[in-house]
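K.L.:
For reference, the structure I am asking about is given below.
The values are calculated or read from the model by the stated rules, or taken from the named source; none is laboratory data. Worth saying up front: this structure is predicted, and the values here are computed from it rather than measured. When we count neighbours, we look across all protein chains shown, and the Cβ atoms used for this are built from the backbone with ideal geometry, even at glycine. Areas reflect the complete protein model, heavy atoms only, side chains present, ligands, DNA and RNA absent. Shrake-Rupley method; radii C 1.70, N 1.55, O 1.52, S 1.80 Å.
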Amino acid sequence: MKIKHCITAFAIAFSLTSCEKHEGELYLKSKCTAELNGKTYIDQTRIEQTFNPFAPTATPYIEYNPETTGGWFETDLGPDRDAPAEYFIKIFIPKDLLKGEHLTSTAGRSMFESDLDYKVYCQDNGIAYATIGGELVDNGTFEITSYDLDNGWAYGRFSLPFSEGTITGQFYCGI
């Protein structure tokens, strides 16, 4: 029982040191803002969602393990902080994801029977790709502009053309 209380206390302490307040509500500092066709979208999770085991994973986030072929960036963008997400962006970034700009490409996709086969090939071979709501993005960019592995954070930006236009954004999130 004591371990559970320690974990809860640590989570609360961590949350209070890594949050922002907007209109009386506490949100995680991890945040992504983007623009598409003149409209602004945001992804920033409320603190209380992190304590709900049934809530979706807090986004945006970067999953990074230097011992694998790559990592993930994910963000779920809505028209404001508390609105349902409208754009679900998921980017697979090669192993050297913290170095330079990554270009997403669907070149060679026609050689595969399905988009899933193509994605598995990219993951196995450390090739960047991006999806927006499941749609593969061609000729997009993703860049981490600064990071601190010791303190576990990263800043970056992306530009992803897809069927509705080009969504451009910037983010700050934990690694």
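K.L.:
Taking H as built 1.01 Å from N, whose amide H comes closer than 5 Å to the amide H of E86, not counting residues under 5 places away?
P.N.:
Counting only residues 5 or more places away or on other chains, the set is L77, G78.
K.L.:
Where does the charge balance sit around Y64 when Lys and Arg score +1, Asp and Glu -1, over other residues with C-beta under 13 Å from its C-beta? The partial results should precede the final answer.
P.N.:
Values: positive: K95, K99; negative: E63, E67, E74, D96, D148.
In short, -3.
K.L.:
Looking at the P(r) of the chain, how many percent of alpha-carbon pairs lie beyond 22 Å? Display every interim value, and only then the final one.
P.N.:
On the way: 7245 of 15225 pairs.
So the portion of pairs separated by more than 22 Å is 48 percent.
K.L.:
Report D for region 43-88 in µm² per second (integer): Stokes-Einstein, Kirkwood Rh on Cα pairs, 20 °C, 1.002 mPa s.
P.N.:
Values: Rh = 11.9 Å.
D, rounded to a whole number, is 180 µm²/s.
K.L.:
Under the rule a/c < 1.5 gives rounded, and otherwise a/b versus b/c splits prolate from oblate, where does region 83-175 land using the Cα gyration tensor?
P.N.:
Values: a/c = 2.02, a/b = 1.35, b/c = 1.50.
In terms of gyration-tensor shape, oblate.
K.L.:
If you don't mind, another one. Enter the angle in degrees (range 0 to 90, nearest 10) between the Cα long axis of helix 115-125 and the first principal axis of the Cα atoms of the chain, meaning the one along which they spread out most.
P.N.:
That works out to roughly 80 degrees.
K.L.:
Next question. Filter K29/K99; K99/K119; K31/K119; K21/K119; K29/K90 down to the pairs with a C-alpha to C-alpha distance above 28 Å, please.
P.N.:
From the list (K29/K99; K99/K119; K31/K119; K21/K119; K29/K90), the Cα-Cα distance tops 28 Å for K21/K119.
K.L.:
With angles folded into 0 to 90 degrees, how steeply does helix 2-17 sit against the dominant principal axis of the chain? Use alpha carbons for both and round to 10.
P.N.:
Once rounded, the angle reads 70 degrees.
K.L.:
Just to make sure I understand: if all protein chains stay in place, what is the order of E63, E25, E74 by accessible area at 1.4 Å, largest first?
P.N.:
Numbers: E63 100, E25 60, E74 40 Å².
Sorted descending by solvent-accessible area, the residues read E63, E25, E74.
K.L.:
Could you tell me which of T145, Y41, A55 has its Cα farthest along the dipole of the chain towards the positive end, charges placed at Cβ (Lys, Arg +1; Asp, Glu -1), taken about the Cα centre?
P.N.:
Positive-end residue among those listed: A55.
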